[in-house]
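Novice: My questions will all concern the structure given below.
The values are calculated or read from the model by the stated rules, or taken from the named source; none is laboratory data. Keep in mind the model is a prediction, meaning the values are calculated, not measured. Cβ placement follows ideal geometry from the backbone for every residue including glycine, while neighbour counts extend to all protein chains displayed.
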Amino acid sequence: MNVLDIVAAVLMLTGLVFFSAGTAGLLRFGDTFGRMHALTKADNVGLGLLVTGLALIDGSVRGAVELMLIWLLVMFSGATACYLIANRLTREMHDGRD
Amino acid sequence: MAGIELGAAAFDWLLATMIVVLAALAAFARVLLTAIAGLIALGLVLAIAWARLGAVDVAIAEAVLGSGVLGGMLLKAWSGFAASAVDDDASMHVAPGALVLLALPAVLIAIGTVYAGHSADALGIGDAARAAIGATGVSHPVTAVLLDYRALDTLMELAVLLVAALAALSIGRIRLRARAPEPALEALLRLVVPLLILVAGVLLWRGAHAPGGAFHAGAALAAAAILVLLGWQQLAIGRALAFAGLALGVTVFSVLGALMLALGGLLDWPAEHAGSLILVVEIAATISIAFALLLLFAGGAPWPRAGEDQR
């Protein structure tokens, strides 16, 4: 258990805290917009911390690059999905008001 | 280290519990969308479980096919279903007799215990299979089994997929109105679709020496095509191309396998050319699997049937 392992463990545990916060927001927030906000923000940061910890444990450059790519793809697709859901909801709300 | 073993055991128990809970959710949820979401999540947790058991090929297939393509199909069906349904939250009514399904795991465990003695290693052929892998042309044992030792099984699987796709084509008929996707979605698709095609190529090539292969590559390719279908609402595939693509895998596989009759036996690849033959077969199979999954997802033929008006 060297310093690198301890740093990686701390990073991953912090990532888990963020994931828990995101899930708590998903369960506790009132409307869909708030839930999506909590989910995308907290989960993306949590995944970033998790990925950084895993990259430290893996040790290779290739592994770190692959993990970073995964994190970027998850963020990109998560943000787009969140936008699409919010857009659809907004349109439905406006259609309901007309 | 005992701590790591304890942690791994705890993780495995957590996985097993999650699988049971998600399966119950998928089977018995009142709201249909909840059941579908449970099934998608179940597919991903199952993929992790397969990886924990060391079956990485199955894990990839479960994640892409069981969770990705199947989840997409179910959501597409649900959206069409919910749009025409009278009430807003389509709910499922499960007959009490369906609870007998809960006995299924016990039955499976019993069967598994009985047949554990019939595994390849227990029968003594595991070592022989691993020793002879040099003559198969590939170094990954799963690919060697799928495309050399049990090539006939894989050929039959491809034929089954072909029949399923043909059935969907003959029953369904879809009308697509092309429209431009929203800018955010278009930006994502322009990044992800080429990346998926690249991933498909990597999976196909890696199949020889690492987890991968025709089914995984075909599913990734189908996912790229499905994304294009969902984003631009276009399926630029005519009847000729669709049938050619669907039939390519089974045709190439069976023709090459039959040609082997002259050299030794049906589907018996000669050792010095086995690698190249398997690669050719896998490329053809990838294309066919991609076409089949795409057309199964689309749900029907995008071209007008004979006798119908061309619209």
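Novice: Within the range A:51-98, how many residues are acidic (Asp, Glu) and either outside any helix (DSSP H, G or I) or within 14 Å of chain B (Cβ to nearest Cβ) (or both)?
Specialist: Total satisfying the criteria: 3.
One line per residue, one yes/no per condition, for (1) acidic (Asp, Glu); (2) outside any helix (DSSP H, G or I); (3) within 21 Å of A:Tyr83 (Cα to Cα):
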residue	(1), (2), (3)
A:Val10	no, no, no
A:Gly15	no, no, no
A:Phe33	no, no, yes
A:Met36	no, no, yes
A:Asp43	yes, no, yes
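Novice: I would also like to ask the following. Return yes or no: is B:Arg130 of a type in the set (D, E, K, R), within 19 Å of the chain's Cα centre (by Cα) and within 29 Å of B:Ile278 (Cβ to Cβ)?
Specialist: no
Novice: What do you reckon, is B:Ala98 in a helix (DSSP H, G or I) and modelled with pLDDT of 85 or more?
Specialist: no
Novice: For the list (1) touching a residue at least 60 places away in the same chain (Cβ under 8 Å); (2) surrounded by fewer than 22 Cβ atoms within 10 Å (Cβ to Cβ); (3) within 14 Å of chain A (Cβ to nearest Cβ), I need the number of the one condition that B:Ala223 fails.
Specialist: So the condition that B:Ala223 fails would be (2).
Novice: In the range B:158-175, which residues are among the aliphatic types (A, V, I, L, M) and touching a residue at least 24 places away in the same chain (Cβ under 8 Å)?
Specialist: B:Leu158, B:Ala159, B:Leu161, B:Leu162, B:Ala164, B:Ala165, B:Leu166, B:Ala168, B:Leu169, B:Ile171, B:Ile174
Results for (1) hydrophobic (A, V, I, L, M, F, W, C); (2) touching a Phe, Trp or Tyr at 6+ places or on another chain (Cβ under 7 Å); (3) over 17 Å from B:Asp148 (Cβ atoms); (4) at pLDDT 90 or above, shown as yes or no for each residue.
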{"residue": "B:Gly249", "(1), (2), (3), (4)": "no, no, no, yes"}
{"residue": "B:Phe253", "(1), (2), (3), (4)": "yes, no, no, yes"}
{"residue": "B:Gly264", "(1), (2), (3), (4)": "no, no, no, no"}
{"residue": "B:Trp269", "(1), (2), (3), (4)": "yes, no, no, no"}
{"residue": "B:Ser276", "(1), (2), (3), (4)": "no, no, no, no"}
{"residue": "B:Glu282", "(1), (2), (3), (4)": "no, no, no, yes"}
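Novice: Which of the numbered conditions does B:Ile278 fail, given that it passes all the others? Conditions: (1) surrounded by fewer than 16 Cβ atoms within 10 Å (Cβ to Cβ); (2) among the hydrophobic types (A, V, I, L, M, F, W, C); (3) under 14 Å from B:Gly137 (Cβ atoms).
Specialist: (1)
Novice: Consider B:Leu203 against the criteria (1) in a helix (DSSP H, G or I); (2) surrounded by fewer than 21 Cβ atoms within 10 Å (Cβ to Cβ): it satisfies all of them except one. Which criterion is unmet?
Specialist: (2)
Novice: Can you confirm whether the range A:38-50 contains a residue that is more than 14 Å from every other protein chain (Cβ to nearest Cβ), more than 27 Å from B:Leu185 (Cα to Cα) and modelled with pLDDT under 90?
Specialist: no
Novice: Here is a further query. Taking interchain pairs and intrachain pairs at least six residues apart, which have beta carbon atoms under 9 angstrom, with the first residue in the range B:1-29 and in contact (Cβ under 8 Å) with a residue 40 or more places away in the chain and the second polar (S, T, N, Q)?
Specialist: Short answer, once both residue conditions are applied: B:Ala29/B:Ser91.
Novice: Something else: Quick check, is B:Ala210 in a helix (DSSP H, G or I) and either touching a residue at least 24 places away in the same chain (Cβ under 8 Å) or within 14 Å of chain A (Cβ to nearest Cβ) (or both)?
Specialist: Against the criterion (in a helix (DSSP H, G or I) and either touching a residue at least 24 places away in the same chain (Cβ under 8 Å) or within 14 Å of chain A (Cβ to nearest Cβ) (or both)), B:Ala210 does not qualify.
Novice: So B:Leu196 passes all but one of these: (1) within 14 Å of chain A (Cβ to nearest Cβ); (2) within 16 Å of B:Gly245 (Cβ to Cβ). Which condition number does it fail?
Specialist: Looking at each condition in turn, B:Leu196 falls short on (2).
Novice: For A:Thr23, state whether it is closer than 25 Å to B:Leu195 by Cβ and either in contact (Cβ under 8 Å) with a residue 24 or more places away in the chain or β-branched (Val, Ile, Thr) (or both).
Specialist: Answer is no for this residue.
Novice: While we're looking at this one, here's another question. Just checking, which of A:Ala38, A:Ala9, A:Ala79 is over 17 Å from the mean Cα position of the chain (by Cα) and either surrounded by 12 or more Cβ atoms within 10 Å (Cβ to Cβ) or small (Gly, Ala, Ser) (or both)?
Specialist: Just a single option satisfies the conditions, and that option is A:Ala9.
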